[in-house]
Amino acid sequence: MTNFSSLTPSGFGAVLDEGTPADPKTVRDVALEAGVTVVKGQTFTEDLFREFVTGLGDTVSYDDDDAAVGYGFTDILHLDGTRDEGKVITGRGGLPLHTDGVLLGTQVDLIVLFAAEVRDLAADGATLVCDQITAWTELPDDLRAVLDRGHLEYIATERGYFTSVPEGWYPIPTFRNYGRVKSLNLALPFQSDEALASWDVRVPNTSAEESGQFFTNLRTHLSDPRYLYEHRWTAGDLVVIDNQRTLHGRRGLANASSRKLLRGQVTLAAIDGAPGAVTS
Ligand SMILES: O=C(O)CCC(=O)C(=O)O
Ligand SMILES: [Fe+2]
C-alpha cells in the first residue's frame, strides 16, 4: 500500500476512500501502514462506533482499579468540548502534543476519533498529528541528548482524569517499545496561555528556565509543518491514529464553536512483521 498521497511533507498519513460503514480491518491496515488515516462520511451511532473500534483490536477499557479514569468513561470517551469547570482533555482548550498512555503507563496502539457533531468550527478545534518517528530521526543533537538521559518528570494536575497515578512529580521514561516500534514516550507541557493544564512536565535536575527552554525548542521542532498534519473536523470524519508512531494535540475551540468527538483506544498484540512495524 504505497500509492496514497500523504498528509505531511514527511510522507506520512493517508486519506482512505471507503464506503459507509468503513471496514475496520482495511482502516486498521492503512492506519498502521501510513501512521494516520482519514475516512470521510461515516454515520456511526455510539453503539456502532463501539462495534467498529472492537473490530480494530482489543478495546482499551478502564475498569476494576482504573474504573474512575477519565471521569469514569470506561471505553468510549466523549470529547464534547464541555464548558464544565476543571475539565481539560474533554474541554475546550488546546492540548499540547503528546501520545496517549504516557501518564497512565498504558499501551495504546490506535486512537480512533469520530466526529458525531461539528458546528462553526472554522479554523480551530483542529486535531494535530505529528509524524514523530521522522521528527525524532531529524531531532537536533542538543534536544536528543536531553531525551537520551532516559526520563522526564511529570505531574498529573487533572485529577478527575488521571485518577490512578502518583500525586506528585514522578519519572516517566522518554522512550517506549511495546514490540512493534520504539518511539518517543512524550507529553509536552501546556503553554501559559492555555488556561488549564491537565499535566505538567520538567527536565529533572535542571533549572526551571533551562527546562522551559528545552520544551520550547522541542515544541518548535515537533511542530514543523514538515511533520504535522492538521485535521479540521467535518461531521462524519473518522480519524485513526497509530499512537506508537505519532504525537497528537488539539487547537482550542473558539467560543461559538461546538465539536463532539467519540474516542476509542485499541491495543494490538505485538505482531512480527505487522504493517507499520519498524525494527530498532
Ligand atoms: O480532542 C482532541 O482532538 C484530542 C483529544 C486527545 O488527545 C485525547 O482524547 O487523548
Ligand atoms: Fe490524547
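Rule-based calculations on the coordinates, nothing more; no lab input. Only a predicted model underlies this, so the values are computations on that prediction, with no experimental measurement involved. A quick note on method: Cβ atoms are made from the backbone with ideal geometry, for glycine too, and the neighbour counts reach across all protein chains shown.
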Checking the cross-link filter: which lysines have an alpha carbon closer than 24 Å to that of LYS260, excluding same-chain neighbours under 8 positions apart? LYS40, LYS87
Give the lysines reachable from LYS182 as a straight Cα distance under 29 Å; neighbours fewer than 8 places away on the same chain don't count. LYS25
Quick one: if you stick a label point 7 Å off each Cα along the C-beta vector at THR54 and LYS182, how many nm between them? 3.8
To the nearest 500 deg cm²/dmol, what mean residue ellipticity at 222 nm is calculated for the chain from DSSP H runs of n ≥ 4 alone, each contributing -39,500 (n - 2.57), summed and divided by the residues? -5000 deg cm²/dmol
Sequence-distant or interchain residues sharing an amide H contact under 5 Å with LEU152, placed H: which? ILE172, THR174
Report, in debye and to the nearest 20, how large the dipole of the chain comes out about its Cα centre when Lys and Arg carry +1 and Asp and Glu carry -1 on their Cβ. 420
Would you mind getting me the FRET efficiency between ASP142 and VAL15? Use the beta-carbon distance for r and R0 = 30 Å, nearest 0.05. 0.25
GNM, the chain, Cα, under 10 Å: largest mean-square fluctuation among ASP120, ASP148, ASP64? ASP64
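Could you compute how fast the stretch 10-106 diffuses translationally, taking Rh as the Kirkwood radius over C-alpha pairs and applying Stokes-Einstein at 37 °C with viscosity 0.692 mPa s? Give it in µm² per second.
On the way: Rh = 15.6 Å.
Answer from the Stokes-Einstein relation: 210 µm²/s.
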Dipole of the stretch 84-172, positive end: most advanced residue of THR134, ALA145, VAL108 [Cβ charges, Cα centre]: VAL108
Label-point separation, ASN255 to ALA68 (7 Å along Cα→Cβ), nm: 3.6
Around CYS130: net Lys/Arg minus Asp/Glu count, Cβ-Cβ under 14 Å: -1
For the stretch 46-92, what does the alpha-carbon gyration tensor say about shape, rounded, prolate or oblate, given a ≥ b ≥ c as the root eigenvalues, a/c under 1.5 as rounded, and a/b over b/c as prolate? oblate
Describe numerically, in nm with one decimal, the distance between label points set 7 Å from Cα along Cα→Cβ at GLN213 and at THR43. 5.7
Over the chain, what is the relative contact order in whole percent, taking alpha-carbon pairs under 8 Å and six or more residues apart? 36
How much of the pair distance distribution for the chain lies past 32 Å, counting alpha-carbon pairs only, in percent? 18
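To the nearest 20 Debye, how big is the dipole of the stretch 195-249 about its Cα centre, given +1 on the beta carbon of each Lys and Arg and -1 on that of each Asp and Glu? Could you put the intermediate results ahead of the total?
Values: 5 positive and 7 negative charges, 18 e Å.
I would put it at about 80 debye.
Using the per-residue mean of other Cβ atoms lying within 10 Å as a proxy for protection, in what order, highest first, do the peptides 31-39, 95-103 fall? Kindly include the intermediate steps, with their values, before the conclusion.
Working: 31-39: 25.1, 95-103: 22.2.
Listed from highest to lowest mean packing, they are 31-39, 95-103.
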